[in-house]
């Protein structure tokens, strides 16, 4: 069993929806739901949710191979600036490597992150596709 | 033919608040499949199948169902916390045991206090889910229900079904008729034990009776359920503006519609299979979604899903004014059909995990 | 306050490569035997730096297991792991131990086996230097980040792919004269450009090779200082937020913070004349390290590479190799040899040497300042 059950399960909301940690002390927002601000360390934080739409600001076409990557390479890994202003790293799918460029508008959709084949858990989470509806 | 006669119409209190669709981007031409496996090329015309949608390697019934459901909820304009039931009809569950519905529900922030299950009845479980969610609303058990039909359809490589077996999802939020974009006028279901198509527990691919899947299965059950509905509601084919049928290929819905007395013009708007393939649990439901994308308020729609094993639902729906307010809020079926990239058979085999590998 | 001094009194290295016949204990044995030849006596303390040993060789507590293997009963030991900076972290710990008086001779061994499994498993294990929850499970890996940084840098400063190729060209040229290096052949810019893409624009020749190795240094106090000694003036370290939380991805914040603490100690030294080891797991990181340390202006590092005579004398991570946990000790051992008697065909008479190590996209950085004694 390669995929732990609780490691993913306890964070599933942050993988199923874009959670932003808004710091009430320093004011900066950060991607992923956390107990404390990654900028200033304050525990006084509020978790809010992003709509999941934004602009692709940087990307790379990756052939880097880990176990289980065979059906999924090449991957497009990029940085997305959400409409709310926060940067999210993520995978971009449903687009050809030759077509992807900076500036395209993307939206977060649920996909398989990875599956512990043949008998283990499937991890689901958000990746980004060129937005289907403006 | 005697079936269970619904004496009152509880479903008349219920309607569709939102509909959603999802079709993956990849397309495989039927002619390539036919050519690879030695089918004479005119078979694609005989079946009226041009190309089929193929889910990517990181997609499955859960991810597709999620997208369709999200669109349905957006159109419905409701808080997902008010959804009291989530049903996923699928015959391609990522887990044989572990519901897809709970993953989709948590991913969409649906209330934990709910009924939820995955259901199997070949291609009509999504429709069964629609009926059950409707009954739950009608009985006052829940306020809103979410019914999803989603499949990455399997077919034995080299079998004629491979020309059409495809991936897609459709979802419906049901609730009080007063809030609906299309209200239910009547629903009936006709089910018998008819083994036309099945998949054994450990089998990757289904088997089917070829010709047997026609008259004794598809045609008999759809025609029976539709006639049953029309008799109970006192309606005739002329009373309907659209007739949407389960569509394993492009020809069957035209044939069964003709047998029932529906003209081609009423059937064509709900046909999607020639361009995306047979999406199993999403088949008729995507046809319905396509009709809802353009139907006018006041129009009457017949939708008759069918599932092997076998059974058919017949549902009469009347579109309300509210459909105009929400139609543009999510991608339309035609937009999803138009979003496509052609792939090779090899890429299809990789995407759908049908190449034997050590994982 | 008078702070006790710490010295490097001896150093040993093994050749880096795919050593299928040598397990982690064999590599340790080889480098320890070399040490025993050089120093004669047993250390009071053993520190082992290994990033992947628990994952690749299924060994926890590699330090105690090593004392058992070496027959060094009752010697206290500790394993250190800080990702790619494990080697310098081990040195950092060792010098605190001798400064505190807790031990007089600390043997620091950096060792890594990266060939016990096929590369797709090593790649998976190595990628765990990123945050498992927010990065790893979301399929983000270290070379992806390096590629994003490289693209951002190239766009921001108008630097081309070929400009960046100066780095591996120079590193490979250095390694030709390093008998311990894994890759001892020269490369050309064209070769770099045309090599297999890992995560574009990073190609195979921009990235470190996978190899096994062990390197060791003996850290001593004044009383046990060998006749060939180099002083460990100071080691500073810092950590930094995830890449996507940074306003400027072309700056190395942990390196910058560690450098801020250290630079005063270098007084008026010109960094471009100091023997320098920077962490070039990918070409772009070596370039950014030069800029963050102030060796060159921002956006200009590529053009000054040819003029830095004592840059990564052994070939850097790129050509000498990067057996992850051992790398820091290779940087130190090469620098020590350079200062004592010359290394890889170079003689250095300068007073100071600076070693930079970092993990991933600078999730933590460590700087070691050495001075001729």
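Results, tabulated for the structure shown:
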| item | result |
| --- | --- |
| For the stretch A:1-55, radius of gyration divided by Kirkwood radius, i.e. Rg to Rh on alpha-carbons | 1.06 |
| Cα-derived Rg to Rh of the stretch B:260-359, Kirkwood definition | 1.07 |
| Separation of alpha-carbon centers, the stretch C:217-289 and the stretch A:20-66, rounded to whole Å | 29 |
| Over chain B: Kirkwood hydrodynamic radius from C-alpha pairwise inverse distances, Å | 19.8 |
| Mean Cα-pair separation over length for the stretch C:23-87, i.e. relative contact order, pairs under 8 Å, 6 or more apart, % | 38 |
| Among C:360, C:213, C:40, residue whose mean-square fluctuation peaks in a GNM of chain C (springs only between Cα atoms under 10 Å) | C:40 |
| Chain A, relative contact order [Cα under 8 Å, separation at least 6], % | 23 |
| Residue-averaged 222 nm ellipticity for chain C, from DSSP H runs of 4+ at -39500 (n - 2.57), nearest 500 | -10500 deg cm²/dmol |
| Rounded, prolate or oblate (a/c below 1.5 giving rounded, otherwise prolate when a/b exceeds b/c) for the stretch C:223-368 by Cα gyration tensor | prolate |
| Spatial separation of Cα centroids for the stretch B:254-284 and the stretch C:94-158, in angstrom | 57 |
| Debye intensity ratio I(q)/I(0), log10, the stretch A:1-107, q values 0.10, 0.13, 0.21 Å⁻¹ (C-alpha model) | -0.36, -0.60, -1.14 |
| Chain B, helix-only ellipticity at 222 nm - DSSP H runs n ≥ 4, -39,500 (n - 2.57), divided by all residues, nearest 500 | -8500 deg cm²/dmol |
| Proxy reagent accessibility, fewest Cβ within 10 Å first, across B:88, C:3 | C:3, B:88 |
| The stretch C:1-137, Cα convex hull volume normalised per residue, Å³ | 124 |
| nm² value of the averaged projected area, convex hull over the Cα atoms of the protein assembly as shown | 39.2 |
| Ratio Rg/Rh [Cα only; Rh per Kirkwood] for the stretch B:239-309 | 0.94 |
| Alpha carbon centroid spacing (whole Å) that separates the stretch C:54-81 from the stretch B:41-106 | 52 |
| Stokes-Einstein D in µm²/s, Kirkwood radius over Cα pairs - chain C at 4 °C with 1.567 mPa s viscosity | 64 |
| Rotationally averaged projected area of the stretch B:182-322 (alpha carbon convex hull; nm²) | 8.5 |
| log₁₀ of I(q)/I(0) at q = 0.13, 0.20, 0.25, 0.27 Å⁻¹ - the stretch B:219-264, Debye sum with one point per alpha carbon | -0.26, -0.61, -0.93, -1.07 |
| Proxy reagent accessibility, fewest Cβ within 10 Å first, across A:123, B:280 | A:123, B:280 |
| Percent RCO, i.e. relative contact order, over chain B, from Cα pairs under 8 Å lying at least 6 residues apart | 25 |
| Within a Gaussian network of chain B (alpha carbon springs, distance under 10 Å), most fluctuating of B:346, B:133, B:55 | B:346 |
| Ellipsoid semi-axes in whole angstrom, largest first, where each is sqrt(5λ) of the Cα gyration tensor of the stretch C:98-223 | 32, 22, 17 |
| Most mobile listed residue (C:19, C:356, C:279) in chain C, GNM with C-alpha springs under 10 Å | C:19 |
| For the stretch B:46-202, the Rg and Dmax computed from alpha carbons only, in angstrom | 16.2, 49 |
| Residue order, fewest to most surrounding Cβ atoms within 10 angstrom, among A:37, A:26, C:34 | A:26, C:34, A:37 |
| Antiparallel bridge percentage (DSSP; both residues within the stretch B:182-322; nearest 5) | 80 |
| Computed log₁₀ I(q)/I(0) - Debye formula, equal Cα scatterers, no solvent, the stretch B:11-85, q 0.14, 0.18, 0.26 Å⁻¹ | -0.66, -0.82, -1.13 |
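Any read-out appearing in this document is the output of simple, stated calculations on the displayed coordinates, not a laboratory observation. This structure is a prediction, so every number in the text was calculated from the model and none was measured. Reconstructed Cβ throughout: ideal geometry from the backbone, glycine too, with neighbour counts over all protein chains shown.
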